[in-house]
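For reference, the structure is listed below as structure tokens.
The values are calculated or read from the model by the stated rules, or taken from the named source; none is laboratory data. Predicted model only: the values in this text are computed from it and were never measured. Every residue, glycine among them, receives a Cβ derived from its backbone with ideal geometry; neighbour counts consider all protein chains shown.
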Amino acid sequence: MDRIRLGLIGCGGMARTHARRFDAHLDRLQLAAAVDVVPERAQAVADLLPGAKVATDYREILDDVDAVLIALPHHLHHPVAKACLQAGKHVLLEKPMANSEAECLDLIATSEAAQRVLMIAYCMRYHPLVVAMKEALDAKAYGDVFQVSIWTEQLTRYHEGHWALDARKLGGGQLFSHGCHYIDLLLWYLGRPIQGMHLGTNYGTPWMEKEGTSNVCIEFAGGRLGYHFGTWGARGTRHGYSFHAHCTEGMLEAYFPGRQLIAHVGDKQEVLLETTEGKHTQNEMAHFLDCIATGQRPLTDGPGSLQGLRVIWRLYEAEGAHTVADLRGLGLDEYRP
């Protein structure tokens, strides 16, 4: 099979991460182009995988690629992804899909009309620890799950003038920009949301226009609860990134700093899986290539990804009204309004 010619649009601080995910699949793809408004950044990526065309405008490379990975500021996701889909290119789009529901729906409709893959880069769905926890929960290996808690604690600061300091360009705050990964996972693990609440603050993260620290609690069908605590203001951390899934016969812990999935039953612990760094982005790229080759729908497709954003937008609305969000009827089976 001919290799997929891929273009990377947006070559900021993730250049080496993207190169690693490409490097694992050089038998199936070639980096044909690197695009960035700062030519030195595009050249830095091209230098890691020689042979790529360097450009400052994505429109210059559309004739040279079959697919694109778009890693741009959030407010540019919609116009650039739409243009690429209309040009007949498959699109792997960094999260979140877009900054409004109308833009998301437009991208979904455009991908369907063009008959091209639109996959959202929720890379945590492809992390071996996340997948193994999902499989254990579905198999009820430790009984029925009734609570999933997710912690993501890090220090994320942006230099003056950075686009992410503008809430309009970012699409919101920490919950929308980063927490969308974990709302997506809570939906994947726990099913239909019923109600929820969000509290956010930029105290401790004064560089953020909206929240830099976010607390979400959601009730799911059957009485299950999901919780996400995320902060970009951590000056130190014990959890780092950690998931706890409490079940009726034990607790599963995905401990990302240690790269382990651990089962806790009473005072006993068992390591169920140990993994290596960076595997999730490689797995994500493999899935994208599979979808192009076979025509299968991505696990993180447009309609599914929209559901998590709908939850976030409704949580934001309820927070502003000082009430609990009604999360029923969000179209989890049908994405069109």
Of the conditions (1) over 18 Å from the mean Cα position of the chain (by Cα); (2) modelled with pLDDT of 95 or more, the single one that ARG238 does not satisfy is (2)
If you check GLY88, GLY7, which single one turns out to be more than 29 Å from TYR316 (Cα to Cα) and assigned to a loop (DSSP other than H, G, I, E, B)? GLY88
Using beta carbons and a limit of 8 Å, which pairs, at least six apart or on different chains, have the first residue in the range 175-191 and on the phi > 0 side of the Ramachandran plot and the second one outside any helix (DSSP H, G or I)? GLY191/PHE220; GLY191/ARG224
Are any residues in the range 90-112 closer than 21 Å to ASP66 by Cβ and free of Cβ contacts under 8 Å to residues at least 12 places away in the same chain, and if so, which ones? GLU112
Please list, ordered by residue number, the strands (runs of 3 or more DSSP E) wholly in the range 193-279 having 1 or more residues that are assigned by TED's automatic domain parsing to the domain that holds GLY143 and of a type in the set (S, T, N, Q). 193-201, 213-220, 225-231, 241-247, 260-265, 268-274
Got at least one residue in the range 257-272 being touching a His at 6+ places or on another chain (Cβ under 6 Å), within 28 Å of ASP27 (Cβ to Cβ) and surrounded by 14 or more Cβ atoms within 10 Å (Cβ to Cβ)? no
Among the residues in the range 124-134, are any assigned to a loop (DSSP other than H, G, I, E, B) and over 30 Å from LYS89 (Cα atoms)? no
The lone condition LEU199 fails out of (1) exposed (fewer than 15 other Cβ atoms within 10 Å of the Cβ); (2) at pLDDT below 95 is (2)
Can you name every residue in the range 273-307 that is closer than 26 Å to LYS140 by Cα, buried (at least 18 other Cβ atoms within 10 Å of the Cβ) and in contact with a strand residue (DSSP E or B) (Cβ under 6 Å, 6 or more places away or on another chain)? PRO298, THR300, SER305
Scanning the range 217-250 residue by residue, those surrounded by fewer than 17 Cβ atoms within 10 Å (Cβ to Cβ) and farther than 19 Å from CYS123 by Cβ turn out to be ALA221, GLY222, GLY223, ARG235, GLY236, THR237, ARG238, THR248, GLU249
Those residues that are of a type in the set (Asp, Glu) and either at pLDDT 95 or above or closer than 18 Å to ALA98 by Cβ (or both), I need them from the range 288-337; list them, please. ASP290, ASP301, GLU317, GLU319, ASP326
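Condition check ((1) closer than 24 Å to LEU165 by Cβ; (2) of a type in the set (Lys, Arg)) across all residues:
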| site | (1), (2) |
| --- | --- |
| ARG41 | yes, yes |
| ALA52 | no, no |
| ALA55 | no, no |
| VAL65 | no, no |
| VAL68 | no, no |
| LEU72 | yes, no |
| HIS75 | yes, no |
| HIS78 | yes, no |
